[in-house]
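The values are calculated or read from the model by the stated rules, or taken from the named source; none is laboratory data. Source: prediction; values computed, not measured. Here the Cβ positions follow ideal geometry from the backbone for every residue, glycine too, while neighbour counts run over all protein chains shown. We work out accessible area using only protein heavy atoms, side chains counted, and drop any ligands, DNA or RNA first. Shrake-Rupley method; radii C 1.70, N 1.55, O 1.52, S 1.80 Å.
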Amino acid sequence: MRWDRKARDEGKRKRVFCASLADVGENRRPELMPWRQELEELIYLTPHLDWLLLTKRPENMPKLYSREILETCWVGTTVEDRKVLDQRAMALHECPAACHFVSFEPLLEDLGQIRGYLEQLTNPWVIVGGESALPSAASSSMRISGTLSRPPISWRNIGRNAAFWSVSSN
């Protein structure tokens, strides 16, 4: 609650990355429901914070959390290759959110053109990273950076071959 008061007093929203060691979209463990209810209550009580909810199961989010809460959150999914992108992109698009984000991390292969995927998302934000900067993954990341007119991209874990990675301003 202290973070919310500080954000309110400063007039600047703060981001909270929730459950970095868990998947908030996991639905196979019913014993987690009380924890989800506590999380919803906390999100509701902290309206000056942007809650980032990352999941490998975006299709589960509308079943596990109320629409009212999801519409105030940044909801994202992890994508490491084209097969996973094809599986998760539509589910993320269908999930209500204040902002959608995709974490291409670790980016393991060139994804080809993804403009269509990103254009379907609400206020898209992209995170790009890898275990090591392989040329094919780096090529894809450069293509991602050129996909949006104002690329909201965060770069992480770019590895020892940082020369392959560049941020495009177009």
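Quick check: residue separation of Met90 and Arg13 times 0.36 nm, minus the Cα distance between them. What number comes out in nm? Mind showing how you got there, number by number?
Working: separation 77, 0.36 × 77 = 27.72 nm, distance 2.82 nm.
Separation in residues times 0.36 nm, less the Cα-Cα distance, equals 24.9 nm.
Note on the stretch 1-110: the C-alpha convex hull projects to 7.4 nm² when averaged across all orientations. When nucleic acids and ligands are ignored and a 1.4 Å probe is applied, Lys63 ends up with an accessible area of around 150 Å².
From the Cα gyration tensor of the stretch 81-128, with a ≥ b ≥ c the square roots of its eigenvalues, which class applies: rounded if a/c is under 1.5, or else prolate if a/b is larger than b/c, or else oblate? Prolate, because a/c is 1.5 or more and a/b exceeds b/c.
Let me know the shape class of the stretch 10-75, please: from the alpha-carbon gyration tensor, a ≥ b ≥ c as square roots of the eigenvalues, rounded when a/c is under 1.5, otherwise prolate if a/b is greater than b/c, or oblate.
Verdict is prolate for the stretch 10-75.
Which order, highest average first, do 15-21, 117-123 follow once you tally other Cβ atoms within 10 Å for each residue and take the mean per peptide?
On the way: 15-21: 11.7, 117-123: 15.9.
The peptides rank, most packed first, as 117-123, 15-21.
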